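S.K.: Shown below is the structure under consideration.
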């Protein structure tokens, strides 16, 4: 059951990353991360080759892919939170009672 939740979390990360990737507000320097992960997935040179240890090479590829998408998602969420924070305007105010005005 726990593995199912972990797998769903991975799928959720990829879905959120795709949403952030299509968002025009996210800087292009952040969007390079998922592209690097996809290039690593299809590139023939790996840390662990698929032919040396059967299966472990693919796990290595998908781990790097997940790591880049996860990192991209966190950077995007933080960037959007900073953008919302910057939308507020600081102002000074004071509260007056009607009795004080008379």
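Every number in this text was worked out from the coordinates using simple rules, so none of it is lab data. Not measured: the values here are computed from a predicted model. Because the Cβ atoms are built from the backbone with ideal geometry, glycine has one as well, and the counts that use them run over all protein chains shown.
S.K.: At 0.36 nm per residue, minus the direct Cα-Cα distance, what do residue 42 and residue 83 gain on full extension? Give it in nm, one decimal, please. All intermediate terms of the calculation are to be shown ahead of the outcome.
M.R.: Details: separation 41, 0.36 × 41 = 14.76 nm, distance 3.43 nm.
Gain in length upon complete extension: 11.3 nm.
S.K.: Rank the residues 73, 25 as a footprinting-exposure proxy: fewest other Cβ atoms within 10 Å of their Cβ go first.
M.R.: Values: 73 23, 25 9.
Going from sparsest to densest Cβ surroundings: 25, 73.
S.K.: Further, regarding this structure: Just want the ordering: 17, 22, from fewest to most Cβ atoms lying within 10 Å of their own Cβ.
M.R.: On the way: 17 23, 22 9.
With the sparsest Cβ surroundings first, the list reads 22, 17.
S.K.: Right, something else. Can you compute the modelled spin-label distance between residue 96 and residue 32, with each label point 7 Å from Cα toward Cβ, in nm?
M.R.: For residue 96 paired with residue 32, the spin-label model returns 5.6 nm.
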